[in-house]
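**Student:** Structure provided below as structure tokens; questions to follow.
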Amino acid sequence: MVIVTGHIVVDPQQRERYLADCVGVIELARRAPGCLDFAISADLVDVRRINIFEHWESQTAVEAFRGSGPGDTQRAAILAASVAEYDVAGVRSLT
């Protein structure tokens, strides 16, 4: 199992546009083989921050979906990023 998580920073004036441009990517990811969850969302406290969360069955599934990453328009809007990938060995349910 693989978790991809972190955040990106964009100009507050561009955040809503950036998120709107991500809708198609989110829909594709959620239909992709091996995707367990995929979310790109506005941070509730920092108007510049967009949170990233991905949950995949395997590294192979991540790589098959990822391709070349964000498009040129999205890449240009990103001022900073802190996103990492984690291999998960075990899971404990909290519910």
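Quick note: the coordinates plus some simple rules give every number you see, no bench work behind them. Everything numeric here is computed off the predicted structure, so don't read it as measured data. Cβ atoms come from the backbone with ideal geometry, glycine included; neighbour counts cover every protein chain shown.
**Student:** Based on a Kirkwood Rh over C-alpha pairs, give the Stokes-Einstein translational diffusion coefficient of the chain at 20 °C and viscosity 1.002 mPa s in µm²/s.
**Tutor:** Reported coefficient: 152 µm²/s.
**Student:** Give, in nm to one decimal, the length gained when the segment between Leu28 and Ile3 is fully stretched (0.36 nm per residue of separation minus the Cα-Cα distance).
**Tutor:** 7.3 nm
**Student:** Can I ask one more? Can you give the helix-only mean residue ellipticity at 222 nm for the chain, where every DSSP H stretch with n ≥ 4 adds -39500 (n - 2.57) and the sum goes over all residues, rounded to the nearest 500 deg cm²/dmol?
**Tutor:** -9500 deg cm²/dmol
**Student:** Roughly how many debye, to the nearest 20, is the charge dipole of the chain about its Cα centre, given +1 on each Lys and Arg Cβ, -1 on each Asp and Glu Cβ, and no other charges?
**Tutor:** That gives a dipole near 100 debye.
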